[in-house]
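Since the structure comes first, as structure tokens, the remarks are kept for the end.
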Amino acid sequence: MSKVLRIGLIISSAALAASMLFNLQAAETRNTGTLREALRNRKTTRAFAVGSISRTALDDIVWASCGKTHSSGGTAMRTAPSAGATYPVELHFIVDKIDSVQSGIYRYSLEEEKLVLEEGGRFQDQVNEVSRTQPFVALSNIIIVMVYNPERIVARYGGKSRDYALLEAGHIAQNALLMAADLGLASVPKGSFDKDRLAGLLKLDSSKEPLYMVCIGRQQ
Ligand SMILES: Cc1cc2nc3c(=O)[nH]c(=O)nc-3n(C[C@H](O)[C@H](O)[C@H](O)COP(=O)(O)O)c2cc1C
């Protein structure tokens, strides 16, 4: 292959990855186990195996966490409830070893309904360093970081806003954990991490705060 063609291919695949649309519609209609089975099977499993997971599994986890379900009064409503439909919890997905997906930090854009690549590369070890090192973090295929954005809610709920965001993060996390159980993946909800260092890794504005994390990987 000529050098020009090779460079062209590298550039076009990078552009494709950066604007990758995730097929959340398909995730919504995929028919797998029952809710009862997922509830029964959900448990914290810290023994992750090394290996990749499928792109459809990522789509399913993204959809369960923040996918749109319907519109109400012009607002896109989501799988998890939100106080006054303000959606103050923004999601970052730190992914690695997912078939045909570039490893990196993605931010879910509520407005565009897609994951936007913020930074390519493997960040699992760095997340592990800032989060009371537990081996499963470094082996995670998907780390969901739930980030509080006060600008979306404070005008409406004032001093109650952060508490509401914490409750919302719990709803989102449970959805992701149940989908992981449905997919037969291992998962851990994680509250122990250094907020400032994690915010630095995600290059968050100073007004934003990481609240909670869910780590997902292959079962051993
Ligand atoms: C808010 C919260 C924070 C947690 N933080 C961590 C954590 O930092 N590390 C970890 O290994 N497990 C963490 N866990 C998982 C709990 O240890 C686990 O949910 C608990 O032992 C109950 O087990 P189960 O999830 O299998 O039902 C956390 C759970 C919750 C709800």
Picking from Ala169, Ala176, Ala138, Ala165, the residue that is assigned to a helix (DSSP H, G or I), buried (at least 18 other Cβ atoms within 10 Å of the Cβ) and within 12 Å of the ligand (Cβ to nearest atom) would be Ala169
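With respect to Val188, determine if the residue is more than 12 Å from the ligand (Cβ to nearest atom), within 25 Å of Pro135 (Cβ to Cβ) and crowded, with 17+ Cβ neighbours inside 10 Å. Steps first, answer last, please.
On the way: more than 12 Å from the ligand (Cβ to nearest atom): no; within 25 Å of Pro135 (Cβ to Cβ): yes; crowded, with 17+ Cβ neighbours inside 10 Å: yes.
In short, no.
Under the condition of being among the aromatic types (Phe, Trp, Tyr) and in a strand (DSSP E or B), which residue from the stretch 101-135 is farthest from Ala49 (Cα to Cα)?
Let us first name the residues in the stretch 101-135 that are among the aromatic types (Phe, Trp, Tyr), namely 106, 108, 123.
With the extra rule that they be in a strand (DSSP E or B), the set shrinks to 106, 108.
Numbers: Tyr106: 23, Tyr108: 26 Å.
It comes out as Tyr108.
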Residue hits (the stretch 166-220; more than 18 Å from Ser82 (Cβ to Cβ) and among the hydroxyl-bearing types (Ser, Thr, Tyr)) are Ser187, Ser192, Ser206, Ser207
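Kindly establish whether Phe123 is of a type in the set (Phe, Trp, Tyr) and within 14 Å of the ligand (Cβ to nearest atom). Working first, answer last.
Values: of a type in the set (Phe, Trp, Tyr): yes; within 14 Å of the ligand (Cβ to nearest atom): no.
Judged against the criteria, Phe123 is not a match.
When you go through Arg132, Arg156, Arg152 one by one, which is the residue that is modelled with pLDDT under 95, surrounded by fewer than 22 Cβ atoms within 10 Å (Cβ to Cβ) and more than 16 Å from the chain's Cα centre (by Cα)?
Working: Arg156 fails: modelled with pLDDT under 95; Arg152 fails: modelled with pLDDT under 95.
None of the other options fit; the residue is Arg132.
The values are calculated or read from the model by the stated rules, or taken from the named source; none is laboratory data. Keep in mind that what you see is a predicted model, and the values were worked out from it rather than measured. Don't worry about glycine lacking a Cβ; one is built from the backbone with ideal geometry, like all the others, and counts go over all protein chains shown.
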